[in-house]
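So the structure is just underneath, and the comments pick up after that.
None of the figures in this text is laboratory data; all of them are computed from the coordinates on show. What you are looking at is a predicted structure, and each value in this text was computed from that prediction instead of being measured. Don't worry about glycine lacking a Cβ; one is built from the backbone with ideal geometry, like all the others, and counts go over all protein chains shown.
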Amino acid sequence: DWGDHVKKGQKLALLDSVELGEVRANYKKAMAMLRMAKKNYSREKALYKQKISSTKHFLEAENTYEQAQIELKALKEKLILMGQLEDDIQCIAEDQVSSLFILSAPFDGTVIEKNVAIGELKDAFTPVVTISDLTNLWVWFDIYEKDISMVQPGNKVMISVASYPDEQFEGIVTYIGVTVDEKTRTVKVRAEVDNHHEKLKPGMFARVLLLYQSEKSNSSPIVPDKAVQSDGQKCFVFVPLHEGLFLRRDVTIGTRVDGHVKVTSGLNKNDRVVVKGGFLLKSGIMKEKFGEGCVH
């Protein structure tokens, strides 16, 4: 059903397809014709070598054998296009031909759409079930043509969505478009983001912060603007130590882009910082005149 997690090979539905039954029957018939053609070709070839059979008969047998091979291959490809697995096709010769078809999941994923009910008729162009691997999503965004030189596959991006304003999701650039939009002068870029927690949903609008590293500098941590506080002299952030205890960390900030700021010193890349409630902690420090140190 909708939202169900399924595994590769898991049975999803039992379908009855008249067209599939006909193709299966034709495939089984073609297998029999191929066996007969092969046997006749082998006999004519042996007779031809002994100069008992004529060249005409030998060539006719050879042509019939080749045509039988082509016919069987074409029907097999048609069965594959209709969703038949290799094991299903191999069983056609042994089993009684049926129009019933077990629809199985082609990969691990989540059912995001279901368009079938028991006994309902469907045409060949309507998907019965749509499965998607939601643990790894694509994020598409645009960059201006003047910025193309700063982007390359492997660059990190930080993604934020309205549903989780205090969280960021890391992604990796995997594709850069090859054409420029004539109206917007932008290029399409695709990033892949790990979504094992499945918080991100297909179709969500997202804000993307592109991170790039110059040859002269190491990658610096990027934090939301509201995580950085100031006492009028220094900028600082709060780093959580454990429940109810926070450490003020003086930092030096760099460029600000789209609601985020680069921290050039004072913060390690994997450090966690307080995003929500930082102003209240700052107010507590100023009021009690604790200066640098721990705040409860």
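Looking only at region 1-35, which residues have a backbone nitrogen under 15 Å from a spot 7 Å from the Cα of Asp87 in the C-beta direction? The answer is 7-12, whose backbone nitrogens lie closer than 15 Å to the label point. Remark: Thr126, Thr64 ranked as Thr126, Thr64, counting other beta-carbon atoms within 10 Å and listing the fewest first.
Comparing Gln84, Gln67, Gln168 in a Gaussian network model of the chain, where Cα atoms under 10 Å apart are tied by springs, the biggest mean-square fluctuation is seen for Gln67.
The convex hull around the C-alpha trace of the chain, projected and averaged over every direction, spans 27.8 square nanometres. Summing Lys and Arg as +1 and Asp and Glu as -1 over all other residues whose Cβ lies under 14 Å from the Cβ of Asn270 gives a net charge of +2. Annotation note: trypsin sites (Lys or Arg not before Pro) in region 1-46 located in DSSP loop regions with a Cβ neighbour count of at most 14 within 10 Å are Lys7, Lys8. Using a cutoff of 8 angstrom between alpha carbon atoms and counting only pairs six or more residues apart, the relative contact order for the chain works out to 14 percent.
Report, ordered by chain and residue number, the aspartates and glutamates lying within cross-link reach of Lys234, taken as a straight Cα distance under 16 Å and ignoring same-chain residues fewer than 8 apart. Answer for Lys234, where 16 Å is the Cα cut-off: Asp225, Asp250, Glu292, listed by chain and number. When His242, His197, His57 are arranged by Cβ crowding within 10 Å, least crowded first, meaning fewest neighbours, the order is His242, His197, His57.
Applying 1/(1 + (r/R0)^6) with R0 = 45 Å to the Cβ-Cβ distance of Ile148 and Asp108 gives a FRET efficiency near 0.80. Given their separation in residues at 0.36 nm each and the Cα-Cα distance between them, Thr179 and Lys276 gain 30.9 nm when the chain is fully extended. Compute the helix-to-body angle for 278-288: its Cα long axis versus the longest principal axis of the chain, expressed 0 to 90° and rounded to tens. Helix 278-288 and the main axis of the chain meet at about 20 degrees. Axis angle, to the nearest 10 degrees, between helix 55-81 and the longest C-alpha principal axis of the chain: 30 degrees.
Ignoring lysines fewer than eight residues from Lys146 along the same chain, the ones with Cα atoms less than 16 angstrom from its Cα are Lys183, Lys188. As a proxy for reagent exposure, Glu62, Glu22, Glu44, Glu182 were ordered by neighbouring Cβ count within 10 angstrom, fewest first; the result is Glu182, Glu22, Glu62, Glu44.
All other residues whose Cβ lies under 15 angstrom from that of Lys51 are scored, Lys and Arg at +1 and Asp and Glu at -1, for a net of +3.
Compared with the dominant Cα axis of the chain, that is its longest principal axis, helix 18-49 is turned about 50°. Counting only aspartates and glutamates at least 8 places from Lys39 when in the same chain, those with an alpha carbon closer than 12 Å to its own are Glu62. What FRET efficiency, computed as 1/(1 + (r/R0)^6) with R0 = 22 Å and r the Cβ-Cβ distance, is obtained for Asn136 and Ile80, rounded to the nearest 0.05? Approximately 0.30, to the nearest 0.05.
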